[in-house]
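Below you'll find the structure, written out as structure tokens, and then a few comments.
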Amino acid sequence: MEEQRERRDPPWRRWVERTGRSPAWRSALLVAVLAQVGSGWAERVQTGRVSLDWLGRLLLLLGPALLVVRHRHPSAVAYGVAFVTLVYVGAGFPYGPVFISLAVACFAAVIAGRRRAAWGAVGMLWAGHLLIGHWLYRWLPPAGDGPAPWAQELVITAWVLAILALSELVRVRREQWARERAERVAAERRRVDEERLRIARELHDVLAHSISVINVQAGVGLALLDTDPEQARTALTTIKAASKEALGEVRQVLDTLRAPGDAPRSPAPGLDRLPELVEQAAAAGLTVVVTVEGAPRALAPGMDLAAFRILQEALTNVVRHSGSRTARIRLGWQPGALELRVDDEGPATGDPAGGSGNGLVGMRERASALGGTIEAGPRPDGGFRVVARLPLKAASIQEDP
């Protein structure tokens, strides 16, 4: 994903972001070639300057050579290149591409966060050039040279300020893009964490419900194995069916970990599977009465799954923690919300049945993710009640034809 985003970015942004990461010798070699070729052309144009000799060629190579280590020692390179450039100018050699090395060195220093070094280097060059051009020219080559025109000083000053402004702009842009990249990485990590939490909730709901049914039926089978073998056989059949369904749902959830981009092999459960849930509860010895108030509507897949899991967890809690063998489910279809209510007559058995106490937490997380609420607690007349209210947003409601 990051590579695809980089390919969509404009070339200038890719260049800015990669500044300081590419091998330094490549750009240093390019600067050296430009300095040598460009200074030879400038020598023919500026007839009043000293002709390039071995010293001038050496100075034109020394500046780019320092640029090779500019990423590791940006401050030292900036001052070193400024000094070499001053020696070149003071020796009377022609003006020209010699200043490119200093521009690259100051640019690297600013990008590396050494702004004071960059400003100090260009300040040293500017002050040194003023001294050479307006005072030391009497004792420096070329012979008979006069003071430098002030217009030239203005050009050099404008050039220095332009280089520093460009360097600051690139530095600010790089920091901004680095923050954006960090925010994207953090958002991706949050999505991964949310997906892990979703998978954990799915596994908890599937396993808690199925294992509770298996636990109850295993107890029934053991109790009736000698006195009523046929009823014990029925309990074992229920255990087999519940475990098979649990394995199928667990496999479906784990498939999303192995191949996140693939579509699931079967649709996620929803309220259309409520009759199956009632049958599983009946196999566990729980009679479930379902009432519907209002006109049912099609739900978005996420809300449909959440509603199913909330009812599943509520019935699981009845099987595990209530002495009642009857539960009542009420689906209230209201204009702006779906209300799910599960009641049992109690009393509480006080048997955790191996539970971790995460059932209600999982239900609250599912409801909260959809902007809904969960209320759970004892009823005034005894028993226990779970009420979930899930808002039906206009964008997620589809009326049945």
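Using a Förster distance of 45 Å, how high is the FRET efficiency between Thr349 and Asp193, based on the Cβ-Cβ distance and rounded to 0.05?
Efficiency, from the Cβ-Cβ distance: 0.80.
Put a dot 7 Å past each Cα toward the Cβ at Ser243 and Glu180; how far apart are the dots in nm?
Rounded to a tenth, the inter-label distance reads 5.6 nm.
With Cβ to Cβ distances under 15 Å as the rule, what net charge do the other residues near Cys106 carry (K, R +1; D, E -1)?
Local net charge: +4.
Tally Lys/Arg at +1 and Asp/Glu at -1 over every other residue whose Cβ is under 14 Å from the Cβ of Ala121; what's the total?
Residues close to Ala121 contribute a combined charge of +4.
Report the calculated FRET efficiency for Ala369 and Ala76 (r = Cβ-Cβ distance, R0 = 56 Å), to the nearest 0.05.
Approximately 0.50, to the nearest 0.05.
Can you list the residues of the range 80-111 with backbone N under 17 Å from a point 7 Å past the Cα of Val68, pointing along Cα to Cβ?
Correct set: 80-81, 101, 105.
Please report Rg (one decimal) and Dmax (integer) in Å for the Cα set of the range 18-131.
13.6, 42
Ordering Val155, Val216 by accessible area with a probe of 1.4 Å, largest first, what comes out?
Per-residue accessible area, sorted high to low, gives Val155, Val216.
The values are calculated or read from the model by the stated rules, or taken from the named source; none is laboratory data. Computed from a predicted structure; not experimentally measured. With ideal geometry, Cβ positions are generated from the backbone for all residues, glycine too; neighbour counts draw on all protein chains shown. Just so you know, the surface numbers come from the protein's heavy atoms only, side chains and all, with ligands and any DNA or RNA stripped out. Shrake-Rupley method; radii C 1.70, N 1.55, O 1.52, S 1.80 Å.
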